[in-house]
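Scroll down for the structure; my scribbles are underneath it.
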Amino acid sequence: MEGALLDGRYRVESRIASGGTSTVYRGLDVRLDRPVAVKVIDARYAGDDQFLTRFQLEARTVARLKNPDLVAVYDQGLDGRHPFLVMELIEGGTLRELLAERGPMPPHAVAAVLRPVLGGLAAAHRAGLVHRDVKPENVLISDDGDVKIADFGLVRAVASAGITSTSVILGTAAYLSPEQVRDGNAGPRSDVYSAGILTYELLSGRAPFTGDSALSVAYRRLDADVPPPSAAIDGVPPQFDDFVLRATARDPGDRYADAVEMGADLEAIAEELALPAFRVPAPRNSAQHRSAALHHLRMSERLAAAQPSRPPAAAPVRHPTRQLTRGPEDWAEPVRPPARGPAPEPDDQYQPVSGEFAGIAMSEFVWERQRARRMVLIWVAIVLALTGFVATAAWTIGSNLTGLL
């Protein structure tokens, strides 16, 4: 898809990342001349009318949400065999990449990540939307420290596709709620469960359940509770243990009702523990950064190729004997006046070239010639001034001779 122009407006540039149903590219809105992120859906969904209808509906619903904690959706469309979604480009990386670089987070960093995540989910829950796929890959961190959640509605659109088998569990298995695994139903409490699993991983550096396959991991949560993070790593405050246990209760009725309630409890914990403010860093070696570097490299190569090639300048032909007989000033080339000393006369604004004559540097000849000219002009000015002074005095004396006598 790189180089394609979708819908006559969005140019696909370098690839950022690929998933099971789509590929995200760095792109350019050529109409508004702004960078964008283009999520191109797998071509196998293009012929499914149910998917396309749900995809358009979800895109329109998410585009209405105005919240700084959500990745903005600008447009959606179908170009040939490729449904696509145009979103805000976040220059940075994912929470998954940050965890891979730095490992488990201290409580104040966990709170700094969860605040915008729960803030974005709360805005969606108030609007009647459910994310269904809360996981570190869908949490983006900008180079300025902004944390945003992405990919609302895509899981629901894919679930509506007629080509999707009922045996396929959508969403990442490690973060699915028990009800999603059991019957595929999801609501705000399902997002709360996934956010609780996310909190456990931020604190401990690993997921609470493991297994031989994605299905075995998913089904483990039907019979087992999520353990407290402090059982996996030292230093976790008991308040965060309780926070995770309530969010990940197997019975949805025992969880927080939605992200609004969960966010309020997080703020109470942060105040009780006096957690300091923290700016979440973007991952250094992110796929987005590598994509941006590749894009800049390609742009530089295109600019270099577009510039017309200039033939190399011919080397000057030197005639030493002829130049020496004409005078040393012929070894100079016109440039800016030299920085040292007073500025020379207009016809002498030259920078001497290197070389010697009779063991004396050629520049000495030029400077000596200029100095001699200046000395002549100075003496002429002095003589004219003295002559004028004498003449003026004689005229004055002659005019007042009678009075003086």
**Asked** With labels modelled as points extended 7 Å from the Cα through the Cβ direction, what inter-label distance (nm, one decimal) is found for residue 101 paired with residue 34?
**Response** 2.6 nm
**Request:** For segment 5-297, build the charge dipole from Cβ charges (+1 Lys, Arg; -1 Asp, Glu) around the Cα centre, then report which of 224, 177, 107 sits farthest towards its positive end.
**Result:** 177
**Asked** For the charge dipole of segment 30-98, defined by +1 on Lys and Arg C-beta atoms and -1 on Asp and Glu C-beta atoms about the Cα centroid, which residue among 68, 98, 51 has the Cα displaced farthest towards the positive pole?
**Response** 51
**Message:** Suppose R0 equals 60 Å. What FRET efficiency, 1/(1 + (r/R0)^6) with r the Cβ-Cβ distance, do residue 56 and residue 234 give to the nearest 0.05?
**Reply:** 0.75
**Request:** Please pull out the direction-averaged projected area of segment 178-310, using the convex hull of its alpha-carbon atoms, in nm² to one decimal place.
**Result:** 13.4 nm²
**Message:** At a 10 Å Cβ-Cβ cut-off, how would you order 115, 255, fewest neighbours first?
**Reply:** 115, 255
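If R0 is 22 Å, what FRET efficiency do you get for residue 66 and residue 265 from their C-beta distance, rounded to 0.05? Walk me through the numbers on the way to the answer.
On the way: r = 25 Å, r/R0 = 1.14.
With R0 = 22 Å, the Cβ-Cβ based efficiency is 0.30.
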**Prompt:** So how do 201, 179 line up by other beta-carbon neighbours within 10 Å, fewest first?
**Reply:** 179, 201
**Prompt:** Local charge sum around residue 13 (other residues, Cβ-Cβ under 10 Å, Lys/Arg +1, Asp/Glu -1)?
**Reply:** +3
**Message:** With unit charges on the beta carbons (Lys and Arg positive, Asp and Glu negative) and the dipole taken about the Cα centre of segment 5-297, which residue among 141, 5, 23 sits farthest to the positive side?
**Reply:** 5
**Item:** Part-to-part distance (alpha-carbon centres) for segment 198-230 and segment 76-112, which is given in Å
**Value:** 21 Å
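Tell me, in nm to one decimal, what length is gained between residue 182 and residue 246 on full extension, where the rule is 0.36 nm per residue of separation less the Cα-Cα distance? Walk me through the numbers before you get to the answer.
Values: separation 64, 0.36 × 64 = 23.04 nm, distance 1.98 nm.
My answer for the length gained is 21.1 nm.
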**Request:** Count charges around residue 248 for me, please; just the other residues with Cβ under 9 Å from its Cβ, Lys/Arg as +1, Asp/Glu as -1.
**Result:** +3
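Less than 10 Å Cβ to Cβ from residue 181, Lys/Arg counted +1 and Asp/Glu -1: what total charge do the surrounding residues give?
On the way: positive: 182, 220, 221; negative: 179, 183.
Spelling it out: positives minus negatives among the neighbours equals +1.
Using the 10 angstrom Cβ neighbour count as an exposure proxy, how do 299, 1, 87 rank, fewest first?
Numbers: 299 11, 1 15, 87 25.
The fewest-first ordering by Cβ neighbours comes to 299, 1, 87.
No value in this document is a laboratory result; all are computed from the given coordinates. The structure presented is a predicted model; accordingly, all values stated were derived computationally and were not measured. All Cβ positions, glycine included, derive from the backbone under ideal geometry; neighbour counts span all protein chains shown.
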